Amino acid sequence: MAAEETNWGGPRPQSGGSYVQGDAGSPGRDAVFDRVPPHDDEAEMAVLGGMLLSKDAIGEVSQMIDVTDFYQPKHQTIYEAIIDLFSNSQNVDVVIVANQLMKDGNLDKVGGADYLHTLVAFVPTAANATYYAEIVHQRAILRNVIAAGTKIAQLGYSAEGSQAEDVVNLAQAEVYEMSTGRVKQDYEAIGPVVHDALEQLDKLQNGDLKTGVPTGFRDIDDVTQGLQPGPMVVVAGRDQAGGGSGRRPPPWASRRWASISPVRPRCITI
């Protein structure tokens, strides 16, 4: 079944392998998909219509979906224009978005200002924008599942002479990359963020940082001043995955672990 012909174009997604490059920029199929991938055009239109109606909807939706969650390239282009305006603290409505698309040379590609008015008329209220955004996100996940599954099958068929364990590790990496959720948050100016980070490092270096929650490992506490407020990132890996890089554990690590377990750790890397 051939892909539908359209008269608009737009940027291609950067990942997922969902589309092919065409003269008109129409969505279609590539080697990953043997038929039209899962998507919901009406949900995508409803999301964009809600964002054009309400600035609050923009903030909520932007935390739930990304531009690559949209299947239709013209919807990706409209979404990017809305987000660019929103991130610059500008008002967002049909006229302003149409003007932004015209400046970028994309207005005709998405169907003109008439299509933007169609999006607004498509939804009676912006209150359900997050509901529609969830539908769009779920369809994007299904496309990623198909892409990951197909790539894993290709790894298996093309693994001549390769170690089976290496292929399994690559397959697990594909599934993990597909299943990992993206962290969404509001936009922040980079200046204050960098200033706060440098100030935190200065306090840590000068010993002015308040002592946080102790880990029980003296060497770690001396470096970090205990666990500080903020996200805790744990880097881990399966056995024999190269996490230790062949290095021996420091003496203090062996002593600590020996006091609570008869099993000697392979490696602890700080």
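Going by neighbour counts of Cβ atoms within 10 Å, the residues 86, 70 line up, fewest first, as 86, 70.
Ranked by the mean number of other Cβ atoms within 10 Å per residue, highest first, peptides 196-204, 226-234 order as 196-204, 226-234. The three principal axes of the Cα atoms in segment 85-132 give end-to-end lengths of 31, 25, 15 Å, sorted in falling order.
Each value in this text was obtained by applying a stated rule to the coordinates, not by laboratory testing. Quick caveat: nothing in here was measured; it's all calculated off a predicted structure. When we count neighbours, we look across all protein chains shown, and the Cβ atoms used for this are built from the backbone with ideal geometry, even at glycine.
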